[in-house]
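Working notes for the structure below.
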Amino acid sequence: MNISTFRKSNRALVVFSGGQDSTTCLFWAKRYFDEVHAICFRYGQKHANEVDIAREIAHEAGVAFHPFDAPIIGNLARNSLTDTSMKMDEEQPEGSFPNTFVPGRNLFFLSMAAVFARELGIYDIITGVSETDFSGYPDCRDSFIKSLNVSLNLAMDEQFHIHTPLMWLNKCDTWALADELGVLDLVRRKTLTCYNGIPGDGCGECPSCKLRRKGLEEYLAKKGKN
Ligand code: ZN
């Protein structure tokens, strides 16, 4: 095998949705890598404007934007993010996942991202998953990401490195990181995290908005004291 296969370049691919976490990761990547690309998936999410928002943010960040259609992810199993007839779980049911869980989503996203990264000659992949506020989703856990990293390397005989800058941060810490990166306002105004599809501060009612707001209030209170 040609040794150049293993040569690291200073380029990275971010798995990007236009939400708070992946937008923070996008700007984190811009700090540590010279050239940043963003990959975004349409997987049948109810709020298709997510992709338009992601495109706008990538444009503002000066990052190449690569959208892909992957509706099969939403079609393989029922979940309330892609099925309009399902009412979204407000709380995590005892002993199971909330129905906002899209089984295998990060497995598929990261696998497709790795194939595309390889195509671009990129081996550093960044994802905004976090074990701290992971809502019970098993594919946000560090053990899963490390295991998948090994599997992807074996699958393609490459040396990928999956970076997870938010893995041990809670929402308050993630706001602090956005602020440190100089993009707190941008993240607050432009990103879409709300399950009801309202950008910025969102609907204020869904579990995602509540988590986001609680983190922001905590961070602003902490910042005010300093
Ligand atoms: Zn909301």
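Read the figures in this text as sums done on the coordinates, not as results from a lab. All values reported here derive from a predicted model rather than from experimental measurement. Positions of Cβ are generated from backbone atoms using ideal geometry, with glycine treated the same way; all protein chains shown enter the neighbour counts.
So for the range 95-226, averaging the separation of alpha carbon pairs under 8 Å that are six or more residues apart and normalising by length, what relative contact order in percent results?
Computed value for the range 95-226: 19 percent relative contact order.
Which entries in 171/222; 30/210; 171/225; 190/225; 87/146; 30/225 show an alpha-carbon gap greater than 22 Å? Intermediate results must be reported in sequence, preceding the final value.
Numbers: 171/222 13 Å; 30/210 28 Å; 171/225 18 Å; 190/225 26 Å; 87/146 33 Å; 30/225 29 Å.
Table pairs above 22 Å Cα-Cα are 30/210; 190/225; 87/146; 30/225.
Before rounding to the nearest 500, sum -39500 (n - 2.57) across all DSSP H runs of length at least 4 in the chain and divide by the residue total; then give [θ] at 222 nm in deg cm²/dmol. Please list the in-between numbers first.
Values: 8 runs with 97 residues, N = 226.
Calculated at 222 nm, the ellipticity per residue is -13500 deg cm²/dmol.
For the chain, report the % of Cα-Cα distances exceeding 29 Å. Could the numbers behind the result be given before it?
Numbers: 5934 of 25425 pairs.
For the chain, the fraction of Cα-Cα distances above 29 Å is 23 percent.
Could you give the dipole magnitude of the chain about its Cα centre, charging the beta-carbon of Lys and Arg +1 and that of Asp and Glu -1, in debye to the nearest 20?
Value, rounded to 20: 240 debye.
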